[in-house]
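Taking it in order: structure first as structure tokens, then the write-up.
The values are calculated or read from the model by the stated rules, or taken from the named source; none is laboratory data. All of these numbers come straight from a predicted model, not from anything done at the bench. As a convention, Cβ positions derive from the backbone with ideal geometry for all residues, glycine included, and neighbour counts pool all protein chains shown. When the accessible area is computed, the model is the full protein with side chains, heavy atoms only, and any ligands, DNA or RNA have been set aside. Shrake-Rupley method; radii C 1.70, N 1.55, O 1.52, S 1.80 Å.
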Amino acid sequence: MATPAWPPVPRPETVVARTLLLGWVFAQVAGATGTTDTVAAYNLTWKSTNFKTILEWQPKPINHVYTVQISTKSGDWKNKCFHITDTECDLTDEIVKDVNQTYLARVLSYPAGDVGSAGSAAEPLFVNSPEFTPYLDTNLGQPTIKSFEQVQTKLNVTVQDARTLVRINDTFLSLRDIFGKDLIYTLYYWRASSTGKKTAKTNTNEFSIDVDKGENYCFNVQAVIPSRKANPKSVESTIECTSPKKGDFREMFFIIGAVVFVVIILVIILAVSLHKCGKARVGRSWKETSPLNVA
């Protein structure tokens, strides 16, 4: 009778090697899972117009959340937008406290499971934003033309200052309040029948320029801060056009009205005179036809 063949018994060193290999594989899988769950933010960008300021970044989170912090150069970090799944955070309420200050923000990445915990075993991934100084870096918003009028050879234009979220004593400031004489407006104007543009500038909000009588003019304005190296100009306002004939009609109306008024006065005077003359004639006729008194 043949002796049965038993399966070979692995040698001790082989068992150890296999165990180590299996452990290494599990470790790699676990490590890979951890790195895909939490991803560092990138492409941090400040989006700011008239001091309304939002920090944006990428990517859209899958298994993690973000917290945003902001600080001045003194390093006084403040938490904003806790554990969010958005990729933007409104930081306006912080930067309007001092628009001349320089700010730095950072975005921290947390695993989604750590949202309810006070902390985690490992430091969160974070990325710093570029520096941001509101006074120098906020974009100037598109200006608005408040009113305009063309009278004879003068074109008068008034620009409406945009309101901001910067406050002093609960009063919201305008761009002019903040920038003062640093802010100028450029007026681009041209005949409606022409493409050649002319320019005028003012460090107030009002223009009064010479134009040709009887010509229609089109124009728009642009806000500018000449002292800036970056973002010195706003988008140009919408185009407006005048209609000086309306002014001519109005002037003609006043002239006609004055002439009519004078004519009415003359008619009244003439009527009164004729009435008096008529009464005088009647009086004379009555005297001539009445009998003489006999003594």
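Points to keep in mind about this one:
- The chymotrypsin sites (Phe, Trp or Tyr not before Pro) of the range 51-106 that meet both conditions, a loop assignment by DSSP and at most 14 other Cβ atoms within 10 Å of the site Cβ, are W77.
- If you bin all the Cα-Cα distances of the range 119-220 at 10 Å, starting from zero, the percentages per bin are 12, 33, 22, 16, 9, 5, 3, 1.
- Of the trypsin sites (Lys or Arg not before Pro) found in the range 148-244, those that fall in a DSSP loop while having at most 11 other beta-carbon atoms within 10 Å are K229.
- For T133, the residues whose modelled amide H falls within less than 5 Å of its own, excluding neighbours fewer than 5 places apart on the same chain, are Y103.
- Charge dipole magnitude, Cβ of K and R +1, D and E -1 - the range 144-241, Cα centre, debye nearest 20: 340
- Applied to the range 186-197, the Karplus parametrisation 6.51 cos²θ - 1.76 cosθ + 1.60 on θ = phi - 60° returns per-residue 3J(HN,Hα) values of 10, 9, 9, 9, 7, 5, 4, 8, 10, 10, x, 9 Hz, with x for Gly and Pro.
- Rounded percent of accessible protein surface that carbon and sulfur make up, the range 42-133, 1.4 Å probe: 50
- Near G141, the amide H atoms lying under 5 Å from its own belong to N50; only residues 5 or more places off or on other chains count, and H is placed 1.01 Å from N.
- Student exercise, the range 42-133 dipole from Lys, Arg, Asp, Glu Cβ charges, in Debye to nearest 20: 80
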